[in-house]
2 protein chains.
Amino acid sequence: MYRNHTCGEIRMENSGQEVLLAGWVQTVRNLGGMTFIDLRDRYGITQLVVDDHTTDAVKNIASTLGREFVVQARGIVRERSSKNAKIPTGEVELHITELNILNEAVTPPFTIMDDTDGGDELRMKYRYLDLRRETVRKNLELRAKMAHVVRNYLDSKNFIETETPVMIKSTPEGARDFVVPSRMNPNQFYALPQSPQLFKQLLMVAGFDRYYQIVKCFRDEDLRADRQPEFTQIDCEMSYVHQEDVLNMFEGLTKHLFKELKGIDIVDFPRMTFAEAFERYGNDKPDLRFGMVIHELTDLVKGKEFKLFEEAEYIGGICATGCGEYTRKQLDALTEYIKKPQIGGTGLVYAKVNPDGSVKSSVDKFYSPDELMAWADRFGAQSGDLLLIMFGSREKTLPVISSLRLEMGRQCGFMDKENFKPLWVVDFPLLEWNEETQRFFAMHHPFTSPKPEDIGLLDTDPGKVRANAYDLVINGVEIGGGSVRIFDSALQAKMFKILGFTKEAAEDQFGFLMNAFKFGAPPHAGIAFGFDRLVSMFAGLDSIRDVIAFPKNNSGRDVMNDSPSPIAQAQLDELYLKLVKSE
Amino acid sequence: MYRNHTCGEIRMENSGQEVLLAGWVQTVRNLGGMTFIDLRDRYGITQLVVDDHTTDAVKNIASTLGREFVVQARGIVRERSSKNAKIPTGEVELHITELNILNEAVTPPFTIMDDTDGGDELRMKYRYLDLRRETVRKNLELRAKMAHVVRNYLDSKNFIETETPVMIKSTPEGARDFVVPSRMNPNQFYALPQSPQLFKQLLMVAGFDRYYQIVKCFRDEDLRADRQPEFTQIDCEMSYVHQEDVLNMFEGLTKHLFKELKGIDIVDFPRMTFAEAFERYGNDKPDLRFGMVIHELTDLVKGKEFKLFEEAEYIGGICATGCGEYTRKQLDALTEYIKKPQIGGTGLVYAKVNPDGSVKSSVDKFYSPDELMAWADRFGAQSGDLLLIMFGSREKTLPVISSLRLEMGRQCGFMDKENFKPLWVVDFPLLEWNEETQRFFAMHHPFTSPKPEDIGLLDTDPGKVRANAYDLVINGVEIGGGSVRIFDSALQAKMFKILGFTKEAAEDQFGFLMNAFKFGAPPHAGIAFGFDRLVSMFAGLDSIRDVIAFPKNNSGRDVMNDSPSPIAQAQLDELYLKLVKSE
């Protein structure tokens, strides 16, 4: 070994000992007669000292050191005269007797400090330098720790960690697959898995009973902010269970993670139906760190001269507690916010509750003071509160209110990253109607079981069928999702039919699964957690990029090694492929 | 839950209790008045009983059960009258009061028993049924357990588990890459990693200090028996270490695995240079479960009339202990064996040591009894032993002797699968000369460090340079391999030059690595274990296929789901690709 201690472990009790360290030069401070060198490794920083007693040979080497040089230093541990209480090694320093430069370094393009001067792009290009920063490395260490805790928990619950293939069969359902041309099977392709869904179900048919895997998944989507073409899931499946058993098992895992990694005890997670979440929060992933629930006013506001409300299917909004003092300018900014194209609101009506309990609104000429008081009552508004009311079709307006609710939560400081409010959202619709293609799509995936009491509706009103599907939502972020699966080949065939598969296409794509079901499939259900997102939430980050060692950018490129890249003609020939020029 | 106990846990102390089980029907034995049903799940088998006291409703359902039906059974635990000592639940049985068929099953294409009647192909096609067999599932359970023990060991040694990308830059060195066309970057491709080599080296540059990952790797090779296009490695890298530190760390891991998983204590692993391994065993992965080391006879046999020896560069062989009684027929079979094209021997000379110490050989007319006795002495042969001698060029003959040595090991019963003999092979050559392309290739990979004392030879005689590279070999199987890495960008550039890269090609392919080295690369070294092979060795299997949940066949096909498969024209269009018809 080039060292016998790390830079993070020397303490007062090592005083007088000779130790050998190796690491990177963080800083060199030359104070005339003395030189202090901060030597850094993953474990910490130790101060090296060059002074009058140091040999000339060492002094000469020390004088050539630059930032990020890799050095090996032998020396005697001594108590510092001026101690640094901020670091664990701050009471001691190393008086060096031997100094070797193991590797030189050119000046890095940004400072290797928690508070760096490097912009995003530069740090991505030199990711290996960015990873030297403690803040970034700590995120990756948290990731490793979380994987460890997850595995130990699931191992203790009898789950068998099982690897499923990365090169699988391409299926048209769901998002776009990345594909891999097969050289040995010309003109045929593997796909990279969007999830190990079919394999984990087959493992249940195989009697594995409980399966898990922390596994890479792939989706060839146009990348929105904070999506990666490859991402990691905690993927799980259980046999002989009902929905409630899955929720309890993974609520247990989540509580365990909070306890082990953050020392936080979280009480039982509330449950909310998809219908209630949409009605009261305007989306399927309510952020429960604050109230401001949505109330509908449609019944209270109709029958007046106010045309916008008269024409609207739905009128409702939120009560922003204590925001009654918002200025005209602030209110205009909120109107502008909801009218952004990506939010899609049409207009905002507001009403303030005055200190005397009266209500002042932007629609005073249409509604009497008593009527406005009735609105305020509906929200339970107090004096000093602000009502923000939106209108339009029910389907489009509730999401707009949801966006404004979250914006108000941010403005009011309710988005505390260390306040964790988990929630199970249940009873999702089984199917979603797509106007463009005039067909139903599976909301979760085609293997999700309808609720038994709704099976009759499959023939009469498929859009109304609820699924035994569930999402784990924390602070407005979908952390995990899953479902009870269909385990009957006849019902599975019916699902494919409703989803517009011909019998032949279903057979071609999923025949092996339906066939497997004929040999005795047990009832089973599962869940998958977005591992990147879970880590980033625990790390208090907004982006998953900082918890991935080597992430790709929004065009799916690794700017560090400049990939993807062209390949040789010979390689294309072997694969029986020809490039088509893009426009 | 569909059950409150598993089929493996009921014991005498549960007598009288009502329990609820779920599982698969293994067998139904109808003995007139009584019916016995073996109910199976992953945890074991419990016997269900239908007798005179059973309700008609249950009797009726029981009469319809077939093999592999999925059922739920409630009943009272009772002591058996005729106990089965072979299974842990053999003292009790369940007198059923309620029986539900959860799913029917058509008759499986082979019996779900350890000793099945299914052939290989059938079992691959119905892999989900094959996995129901306890022997197969146990292999996968062992795999999960080994992953668990490996991770805990490496975590305890401060290794950070870090995920590296699956979609990476394609590099031409090494085996053929699988590639993934990028839709967002038309006419460009990702590659699937043959190993995370570059990323783990960058993690060392990043100061991660110790990295590991149990990770899928990919190679598009023509599949020999027991190769898979995707396979799993235990991939590791360490900073500030010498070769010896790596060997000690991973010898520690290997001993820990033998102790934890098989209860075996293994003493320190011997070390052998590549040169010695080739000289004494004829290959770079000696099987040390038995002796029969190779001895050279060249100096003893020259200068006689025997033309085959006169013309040969090298003459040598092995002493097969106690095989002096081999018949003419057996000896002919050995000659045929070494003459097989894949072994490539030219001929076999034998000599037997008689009970009286005299030697009888197939070349008696060329050599005197004393000369033959000198041969026997060289081998330390005893009476009753058989000398098997081959001849030709040194490079070609030693591997032939190696093959015959292993064949004799098999014939003599020395290949005990539960006798484990690990060995480090060290000091591999850095480079291999390829006649066809008239250039050097890296024997390990282009990032392997030459031995410091051999660096001078890089300019004068590159073929002679030894590398700081090492393999872990157990029972003649290469289980792991690694090297100390080059960490100096100038030396790395020189290596690329020796390997025939132009400056531009090296810059294009590996510029980011050489660039990274300029910012302060620490000395580092690493190793990768073939995880599939390690599990299969621990499981006592010859093939890695049985330790992979869903393996592919020799054409890289998954015969269960019939992939790879064609993809839609629209998908090809999006990827700017056109198929070329194969012949």
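The values are calculated or read from the model by the stated rules, or taken from the named source; none is laboratory data. Because the structure is a prediction, the values reported are computed rather than measured. Counting neighbours? That spans all protein chains shown, and the Cβs are built from the backbone with ideal geometry, glycine included.
Within the range A:546-556, can one find any residue that is buried (at least 22 other Cβ atoms within 10 Å of the Cβ), within 7 Å of chain B (Cβ to nearest Cβ), closer than 30 Å to B:ASP508 by Cβ and modelled with pLDDT under 95?
Yes, because at least one residue in the range A:546-556 is buried (at least 22 other Cβ atoms within 10 Å of the Cβ), within 7 Å of chain B (Cβ to nearest Cβ), closer than 30 Å to B:ASP508 by Cβ and modelled with pLDDT under 95.
Please identify the pairs in which a residue from the range B:112-132 that is without any contact (Cβ under 8 Å) to a residue 40 or more places away in the chain has its Cβ atom under 7 Å from the Cβ atom of a residue that is hydroxyl-bearing (Ser, Thr, Tyr) and in a loop (DSSP other than H, G, I, E, B), counting only partners at least 6 apart or on another chain.
B:ASP117/B:THR111
Could you tell me which of the residues A:LYS255, A:LYS304, A:LYS262 is of a type in the set (Lys, Arg) and more than 24 Å from the chain's Cα centre (by Cα)? Can you show your working first?
Working: A:LYS255 fails: more than 24 Å from the chain's Cα centre (by Cα); A:LYS262 fails: more than 24 Å from the chain's Cα centre (by Cα).
One residue alone meets the criteria, A:LYS304.
Kindly check whether there is at least one residue in the range B:571-578 that is acidic (Asp, Glu), touching a residue at least 12 places away in the same chain (Cβ under 8 Å), in a helix (DSSP H, G or I) and within 12 Å of another protein chain (Cβ to nearest Cβ). So that I can check it myself, show each step before the final result.
First pass over the range B:571-578, keeping only residues acidic (Asp, Glu): B:573-574.
Filter once more, keeping what is touching a residue at least 12 places away in the same chain (Cβ under 8 Å): B:574.
Narrowing the set further to residues that are in a helix (DSSP H, G or I) leaves B:574.
When the remaining residues are screened for being within 12 Å of another protein chain (Cβ to nearest Cβ), the result is B:574.
Yes: one or more hits.
If I filter the range A:471-491 down to residues being within 14 Å of another protein chain (Cβ to nearest Cβ) and assigned to a loop (DSSP other than H, G, I, E, B), which single residue comes out as surrounded by the most Cβ atoms within 10 Å (Cβ to Cβ)?
Filtering the range A:471-491 down to residues within 14 Å of another protein chain (Cβ to nearest Cβ) leaves A:484-491.
Pick out the ones that are also assigned to a loop (DSSP other than H, G, I, E, B) and you get A:486-488.
Numbers: A:ILE486: 25, A:PHE487: 23, A:ASP488: 18.
Only one residue tops the list, namely A:ILE486.
Filter the range B:373-395 down to residues that are outside any loop (DSSP other than H, G, I, E, B) and over 15 Å from B:SER362 (Cα atoms) and give me whichever is nearest to the chain's Cα centre (by Cα).
To start, the set of residues in the range B:373-395 that are outside any loop (DSSP other than H, G, I, E, B) comprises B:373-379, B:386-392, B:394-395.
From what is left, the residues that are over 15 Å from B:SER362 (Cα atoms) are B:374, B:377-379, B:392, B:394-395.
Details: B:ALA374: 41, B:ASP377: 38, B:ARG378: 35, B:PHE379: 33, B:GLY392: 32, B:ARG394: 29, B:GLU395: 26 Å.
Among them, the one singled out is B:GLU395.
Can you name the residue in the range B:221-248 that is under 15 Å from B:PRO523 (Cβ atoms) and touching a Lys or Arg at 6+ places or on another chain (Cβ under 8 Å) and is also farthest from the other protein chains (Cβ to nearest Cβ) among such residues?
First, the residues of the range B:221-248 that are under 15 Å from B:PRO523 (Cβ atoms): B:237-246.
Subsequent filtering for residues that are touching a Lys or Arg at 6+ places or on another chain (Cβ under 8 Å) retains B:237-240.
On the way: B:GLU237: 13, B:MET238: 9, B:SER239: 8, B:TYR240: 4 Å.
This residue is B:GLU237.
What do you reckon, is A:LYS59 within 28 Å of A:PRO109 (Cβ to Cβ) and basic (Lys, Arg)? Full working, then the answer.
Working: within 28 Å of A:PRO109 (Cβ to Cβ): no; basic (Lys, Arg): yes.
Here the answer is no, as A:LYS59 does not meet what is asked.
Which one of these is touching a Ser or Thr at 6+ places or on another chain (Cβ under 6 Å) and assigned to a loop (DSSP other than H, G, I, E, B): B:ILE343, B:ILE264, B:ILE315?
B:ILE343
Just to be sure before I move on: is B:LEU223 assigned by TED's automatic domain parsing to the domain that holds B:SER536 and more than 20 Å from the chain's Cα centre (by Cα) in the structure I sent? Before you say what the answer is, go through the steps one by one.
On the way: assigned by TED's automatic domain parsing to the domain that holds B:SER536: yes; more than 20 Å from the chain's Cα centre (by Cα): no.
So B:LEU223 does not fit the description; no.
Select from the range B:183-203 the residues that are touching an Asp or Glu at 6+ places or on another chain (Cβ under 6 Å), facing chain A (nearest Cβ under 9 Å) and outside any loop (DSSP other than H, G, I, E, B) and list them in ascending order. Steps first, answer last, please.
First, pick out the residues of the range B:183-203 that are touching an Asp or Glu at 6+ places or on another chain (Cβ under 6 Å): B:183, B:191, B:196, B:200.
So of that shortlist, the ones also facing chain A (nearest Cβ under 9 Å) come out as B:183, B:191.
The answer is B:ALA191, and nothing else.
Which one of these does A:MET146 not meet: (1) facing chain B (nearest Cβ under 9 Å); (2) within 20 Å of the chain's Cα centre (by Cα); (3) in contact (Cβ under 8 Å) with a residue 24 or more places away in the chain?
For A:MET146, the exception is condition (1).
For the structure I just gave you, tell me whether A:VAL28 is buried (at least 20 other Cβ atoms within 10 Å of the Cβ) and of a type in the set (Val, Ile, Thr). Quick ask: steps written out before the conclusion?
On the way: buried (at least 20 other Cβ atoms within 10 Å of the Cβ): no; of a type in the set (Val, Ile, Thr): yes.
For A:VAL28, the condition - buried (at least 20 other Cβ atoms within 10 Å of the Cβ) and of a type in the set (Val, Ile, Thr) - is not met.
So A:ALA525 ticks every box in (1) under 33 Å from the mean Cα position of the chain (by Cα); (2) assigned to a loop (DSSP other than H, G, I, E, B); (3) within 12 Å of chain B (Cβ to nearest Cβ) but one. Which box is left unticked?
(2)
If you check every pair at least six apart or on different chains, which have Cβ atoms under 6 Å apart with a residue in the range A:500-515 that is without any contact (Cβ under 8 Å) to a residue 40 or more places away in the chain first and a residue that is part of a helix (DSSP H, G or I) second?
A:ALA506/A:PHE496; A:MET514/A:SER489; A:MET514/A:GLN492
Can you spot a residue in the range B:144-165 that is outside any loop (DSSP other than H, G, I, E, B) and under 30 Å from B:ASP38 (Cβ atoms)?
At the first step, the residues of the range B:144-165 found to be outside any loop (DSSP other than H, G, I, E, B) are B:144-156, B:160-161.
Subset that is under 30 Å from B:ASP38 (Cβ atoms): B:144-145.
Yes, the conditions are met somewhere in the range B:144-165.
Need the failing condition index for B:ALA191 against (1) outside the structural domain of B:GLU260 (by TED's automatic domain parsing); (2) touching a strand residue (DSSP E or B) at 6+ places or on another chain (Cβ under 6 Å), just the number.
(1)
Could you count how many residues in the range B:450-470 are closer than 26 Å to B:SER195 by Cα and in a loop (DSSP other than H, G, I, E, B)?
Number of matching residues: 3.
Somewhere in the range A:48-63, is a residue hydrophobic (A, V, I, L, M, F, W, C) and surrounded by fewer than 17 Cβ atoms within 10 Å (Cβ to Cβ)?
Scanning the range A:48-63 turns up at least one residue that is hydrophobic (A, V, I, L, M, F, W, C) and surrounded by fewer than 17 Cβ atoms within 10 Å (Cβ to Cβ).
Within the set of pairs 6 or more residues apart or between chains, which connect a residue that is touching a residue at least 24 places away in the same chain (Cβ under 8 Å) inside the range A:332-353 to a residue that is part of a loop (DSSP other than H, G, I, E, B) and of a type in the set (Phe, Trp, Tyr) with Cβ atoms less than 9 Å apart?
Pairs that qualify, where the first residue is touching a residue at least 24 places away in the same chain (Cβ under 8 Å) and the partner is part of a loop (DSSP other than H, G, I, E, B) and of a type in the set (Phe, Trp, Tyr), are A:LEU334/A:TYR326; A:VAL349/A:PHE306; A:TYR350/A:TYR326; A:ALA351/A:TYR367; A:LYS352/A:TYR326.
A quick yes/no check of all residues on (1) more than 23 Å from B:GLU141 (Cα to Cα); (2) not aromatic (Phe, Trp, Tyr):
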| site | (1), (2) |
| --- | --- |
| B:ILE474 | no, yes |
| B:LEU491 | yes, yes |
| B:LYS503 | yes, yes |
| B:GLY530 | no, yes |
| B:MET537 | no, yes |
| B:ASP546 | no, yes |
| B:PHE550 | no, no |
| B:SER563 | yes, yes |
| B:PRO566 | yes, yes |
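Would you call A:PHE218 within 29 Å of B:ILE160 (Cβ to Cβ) and within 7 Å of another protein chain (Cβ to nearest Cβ)? Steps first, answer last, please.
Numbers: within 29 Å of B:ILE160 (Cβ to Cβ): yes; within 7 Å of another protein chain (Cβ to nearest Cβ): no.
The answer is no for A:PHE218.
Just the residues that are closer than 28 Å to A:LEU129 by Cα and touching a residue at least 40 places away in the same chain (Cβ under 8 Å), please, taken from the range A:76-89. Step through it out loud before you land on a result.
Taking the range A:76-89 as the starting set, the residues that turn out to be closer than 28 Å to A:LEU129 by Cα are A:84-89.
Across the range A:76-89, the qualifying residues are A:ILE87, A:PRO88, A:THR89.
Answer yes if at least one residue in the range A:34-49 is modelled with pLDDT under 95 and either farther than 26 Å from B:MET249 by Cα or touching a helix residue (DSSP H, G or I) at 6+ places or on another chain (Cβ under 7 Å) (or both), and no otherwise.
Taking the range A:34-49 first, the residues modelled with pLDDT under 95 are A:34.
Imposing the further condition that a residue be either farther than 26 Å from B:MET249 by Cα or touching a helix residue (DSSP H, G or I) at 6+ places or on another chain (Cβ under 7 Å) (or both) reduces the set to A:34.
Looking through the range A:34-49, at least one residue is modelled with pLDDT under 95 and either farther than 26 Å from B:MET249 by Cα or touching a helix residue (DSSP H, G or I) at 6+ places or on another chain (Cβ under 7 Å) (or both).
Does the range B:205-242 hold any residues that are part of a strand (DSSP E or B) and hydroxyl-bearing (Ser, Thr, Tyr), and which are they? Before the answer, list the steps.
Filtering the range B:205-242 down to residues part of a strand (DSSP E or B) leaves B:210-218, B:230-239.
Passing the criteria: B:TYR211, B:TYR212, B:THR232, B:SER239.
Would it be correct to say that B:LYS304 is surrounded by fewer than 16 Cβ atoms within 10 Å (Cβ to Cβ), touching a residue at least 24 places away in the same chain (Cβ under 8 Å), more than 14 Å from chain A (Cβ to nearest Cβ) and part of a loop (DSSP other than H, G, I, E, B)?
Numbers: surrounded by fewer than 16 Cβ atoms within 10 Å (Cβ to Cβ): yes; touching a residue at least 24 places away in the same chain (Cβ under 8 Å): yes; more than 14 Å from chain A (Cβ to nearest Cβ): yes; part of a loop (DSSP other than H, G, I, E, B): yes.
When the stated conditions are applied, B:LYS304 passes them.
Which of the following residues is within 30 Å of B:LEU129 (Cα to Cα) and crowded, with 17+ Cβ neighbours inside 10 Å: B:PHE538, B:PHE512, B:PHE440? Lay out the reasoning, then the answer.
On the way: B:PHE512 fails: within 30 Å of B:LEU129 (Cα to Cα); B:PHE440 fails: within 30 Å of B:LEU129 (Cα to Cα).
After applying the criteria, what remains is B:PHE538.
Check A:ILE61, A:ILE45, A:ILE76 and return the single one that is closer than 30 Å to A:GLU141 by Cα and of a type in the set (Val, Ile, Thr). Show your work before the answer.
Numbers: A:ILE61 fails: closer than 30 Å to A:GLU141 by Cα; A:ILE76 fails: closer than 30 Å to A:GLU141 by Cα.
Within the list A:ILE61, A:ILE45, A:ILE76, the selection yields A:ILE45.
Would you tally the residues in the range B:106-151 being surrounded by fewer than 19 Cβ atoms within 10 Å (Cβ to Cβ) and among the small types (Gly, Ala, Ser)?
Here the count works out to 1.
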